[in-house]
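The values are calculated or read from the model by the stated rules, or taken from the named source; none is laboratory data. Only a predicted model underlies this, so the values are computations on that prediction, with no experimental measurement involved. Positions of Cβ are generated from backbone atoms using ideal geometry, with glycine treated the same way; all protein chains shown enter the neighbour counts. Ligands, DNA and RNA are stripped out before the accessible areas are found, and what is left, the full protein with its side chains, is counted by its heavy atoms. Shrake-Rupley method; radii C 1.70, N 1.55, O 1.52, S 1.80 Å.
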Amino acid sequence: MTIEHLKRGKPEADRAEDDAKTAAVVAATLKDIETRGDTAVRELANKFDGYDRDSYRLSQDEIDALIAKVSPRDLEDIKFAQSQVVNFAQAQRDSMLDIEVETMPGVILGHKNIPVQSVGCYVPGGKFPMVASAHMSVATAKVAGVPRIIACTPPFNGEPNPAVIAAMHLGGAHEIYVLGGIQAVGAMALGTETIDPVHLLVGPGNAFVAEAKRQLFGRVGIDLFAGPTETMVIADETVDAEMCATDLLGQAEHGYNSPAVLVTNSRKLAEDTLTEIDRILEILPTAGTAGVSWQDYGEVILCDTYDEMLEVADDIASEHVQVMTDRDDWFLENMTCYGALFLGPRTNVSNGDKVIGTNHTLPTKKAGRYTGGLWVGKYLKTHSYQKITTDEAAAKIGAYGSRLCLLEGFVGHAEQCNLRVRRYGGQNVPYGEAAE
């Protein structure tokens, strides 16, 4: 096996050190929010966003005024994108059925899919106003039937971004707050004097938001660990360097720490892509961001075979995986660890980010090994129930239960079963002994 790194990113030790510093800041900030509530939130909003107001919750009049600032064309585009997300989410919801089965005469088992009762949706927006994230979190929660949906987004250039607020409102948010960062996530999860806490946090964010969600998990649910954007391009000689470089840098512009990785079995494509990236960075308006990510987190990995490419891709488990090869469906069939796949040169990650209908909140930092992305099912809890309807079934299950409880030494458990055997089966089981 020959796997060659033509370019490497920051060493793992350096990345771990960055993560540790972030974790310490987040822990102290969350403790402050829990202790001082609204006062801490206000201080943080002023410090990091330079934004202060009597209430960070927007009134209906403010929401209406902001939506009125959105041009008709932009509003139409927002509604189109949101409808694609809603349509796919509804199809997914329709696939999740409540069930009830009679597993043996008189024994009925079932489950119900029940919406989480309150959700906090974080929509990033300090650097780029992430209009699409409102569809992904808020609108999908509405499809799931969540009865209380609150949404937070930071101010953009000193005020609420009209397009983001429009998307939140159209998506079905019941409460909208102009708050960003740790203060938004902490306020939604922990609650303050003016914000009731939620049961579930969803949505992407920067490293501080992602770490805050990680630390809050357990007190509330979270969708997944959604840290800085990651992208991978798996390509062979069927595509050119311009396509690969464009798809790598298109995601690297998200932030200063967005990994972008090319995996290929073509040395020529690898080298040409490195050259093309340098060319594009000379003209890309967001090169100041994308260039830093590429310098620190960009990688080019050259493999001999498609099997090696698959192995490398599954090991990295990137958030976005753009596949442009002569066997795209083979990768679809065989890849097991990733956030979402984008198959063939006609599609691209930006489609998924903004409009095509799949959800763009996806697992990062290898979380694709154990979870998929945000979807309507994340807002639903599958709860089981059981019911015995005949005396015969109560006695039969009770007898098995009695013996199995005593096998483990649980006498009190066994008596729960024995009581049913005595009452419904007519068998006189001595206390603490197993039913026949």
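Can you tell me which of E211, E237 is open to solvent by 20 Å² or more (accessible area, probe 1.4 Å) and either among the charged types (D, E, K, R) or at pLDDT 95 or above (or both)?
On the way: E211 fails: open to solvent by 20 Å² or more (accessible area, probe 1.4 Å).
The unique qualifying residue is E237.
Give the residues of the stretch 54-68 that are touching a residue at least 60 places away in the same chain (Cβ under 8 Å) and surrounded by 13 or more Cβ atoms within 10 Å (Cβ to Cβ), sorted by residue number.
Within the stretch 54-68, Y56, R57, L58, E62, I63, L66, I67 qualify.
Find the helices (runs of 4 or more DSSP H) located wholly in the stretch 4-80 whose residues include 2 or more that are farther than 25 Å from T140 by Cβ, within 28 Å of the chain's Cα centre (by Cα) and aliphatic (A, V, I, L, M), and list them. It would help to see each step written out before you state the result.
On the way: elements: 12-36, 38-49, 60-68.
Those helices (runs of 4 or more DSSP H) span 12-36, 38-49.
Take A245 and decide whether it is in contact with a helix residue (DSSP H, G or I) (Cβ under 9 Å, 6 or more places away or on another chain), over 19 Å from R346 (Cβ atoms) and at pLDDT 95 or above. Steps first, answer last, please.
Details: in contact with a helix residue (DSSP H, G or I) (Cβ under 9 Å, 6 or more places away or on another chain): yes; over 19 Å from R346 (Cβ atoms): no; at pLDDT 95 or above: yes.
It is false that A245 is in contact with a helix residue (DSSP H, G or I) (Cβ under 9 Å, 6 or more places away or on another chain), over 19 Å from R346 (Cβ atoms) and at pLDDT 95 or above.
If I go through the stretch 170-193 residue by residue, how many of them are part of a loop (DSSP other than H, G, I, E, B), more than 18 Å from I222 (Cβ to Cβ) and touching a Phe, Trp or Tyr at 6+ places or on another chain (Cβ under 8 Å)?
Keep residues of the stretch 170-193 that are part of a loop (DSSP other than H, G, I, E, B), which gives 172-174, 178-180, 191-193.
When the remaining residues are screened for being more than 18 Å from I222 (Cβ to Cβ), the result is 172-174, 178, 192-193.
When the remaining residues are screened for being touching a Phe, Trp or Tyr at 6+ places or on another chain (Cβ under 8 Å), the result is 178.
Of the residues in the stretch 170-193, 1 are part of a loop (DSSP other than H, G, I, E, B), more than 18 Å from I222 (Cβ to Cβ) and touching a Phe, Trp or Tyr at 6+ places or on another chain (Cβ under 8 Å).
Looking at this structure, is G372 surrounded by fewer than 19 Cβ atoms within 10 Å (Cβ to Cβ), touching a Phe, Trp or Tyr at 6+ places or on another chain (Cβ under 6 Å) and not hydroxyl-bearing (S, T, Y)? I'd like the intermediate steps shown before the answer.
Working: surrounded by fewer than 19 Cβ atoms within 10 Å (Cβ to Cβ): yes; touching a Phe, Trp or Tyr at 6+ places or on another chain (Cβ under 6 Å): no; not hydroxyl-bearing (S, T, Y): yes.
Criteria not met by G372.
What number of residues within the stretch 336-349 are surrounded by fewer than 17 Cβ atoms within 10 Å (Cβ to Cβ) and on the phi < 0 side of the Ramachandran plot? Lay out the reasoning, then the answer.
Pass one, the stretch 336-349, residues surrounded by fewer than 17 Cβ atoms within 10 Å (Cβ to Cβ): 336, 343-344, 346-347.
Filter once more, so that each one left must be on the phi < 0 side of the Ramachandran plot: 336, 343, 346-347.
Of the residues in that region, 4 qualify.
Yes/no matrix, rows are residues, columns are (1) in contact with a helix residue (DSSP H, G or I) (Cβ under 9 Å, 6 or more places away or on another chain); (2) farther than 26 Å from A207 by Cβ; (3) open to solvent by 20 Å² or more (accessible area, probe 1.4 Å):
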| residue | (1), (2), (3) |
| --- | --- |
| I222 | yes, no, yes |
| Q251 | yes, no, no |
| H254 | yes, no, yes |
| T273 | yes, yes, no |
| C303 | yes, yes, no |
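Read through the list (1) in a helix (DSSP H, G or I); (2) open to solvent by 50 Å² or more (accessible area, probe 1.4 Å), then give the number of the only condition that E102 fails.
Every listed condition holds for E102 apart from (1).
Can you pull out the residues in the stretch 211-255 that are small (G, A, S), part of a strand (DSSP E or B) and in contact with a Ser or Thr (Cβ under 6 Å, 6 or more places away or on another chain)?
A235
For the condition within 30 Å of G398 (Cβ to Cβ), touching an Asp or Glu at 6+ places or on another chain (Cβ under 7 Å), at pLDDT 95 or above and open to solvent by 10 Å² or more (accessible area, probe 1.4 Å), what is the one hit in I108, I114? So that I can check it myself, show each step before the final result.
Values: I114 fails: touching an Asp or Glu at 6+ places or on another chain (Cβ under 7 Å).
Result: I108 is the single residue among I108, I114 that is within 30 Å of G398 (Cβ to Cβ), touching an Asp or Glu at 6+ places or on another chain (Cβ under 7 Å), at pLDDT 95 or above and open to solvent by 10 Å² or more (accessible area, probe 1.4 Å).
If I filter the stretch 378-395 down to residues being in contact with a strand residue (DSSP E or B) (Cβ under 8 Å, 6 or more places away or on another chain) and assigned to a helix (DSSP H, G or I), which single residue comes out as surrounded by the most Cβ atoms within 10 Å (Cβ to Cβ)? Can you show your working first?
First, pick out the residues of the stretch 378-395 that are in contact with a strand residue (DSSP E or B) (Cβ under 8 Å, 6 or more places away or on another chain): 378-389, 393-394.
Subsequent filtering for residues that are assigned to a helix (DSSP H, G or I) retains 378-379, 393-394.
Numbers: K378: 24, Y379: 28, A393: 21, A394: 20.
The residue in question is Y379.
Quick one: in the stretch 117-163, which of the residues that are in a strand (DSSP E or B) and open to solvent by 10 Å² or more (accessible area, probe 1.4 Å) is farthest from L362 (Cα to Cα)? Don't jump to the end; show me each part of the working.
Step one: list which residues in the stretch 117-163 are in a strand (DSSP E or B), which gives 119-122, 149-152, 156, 159.
If we keep only those that are open to solvent by 10 Å² or more (accessible area, probe 1.4 Å) as well, we get 122, 156, 159.
Numbers: Y122: 14, F156: 24, E159: 28 Å.
Among those that are in a strand (DSSP E or B) and open to solvent by 10 Å² or more (accessible area, probe 1.4 Å), it is E159.
Go through (1) among the charged types (D, E, K, R); (2) open to solvent by less than 70 Å² (accessible area, probe 1.4 Å); (3) touching a residue at least 60 places away in the same chain (Cβ under 8 Å) for K79 and report which single condition fails.
Failing condition for K79: (2).
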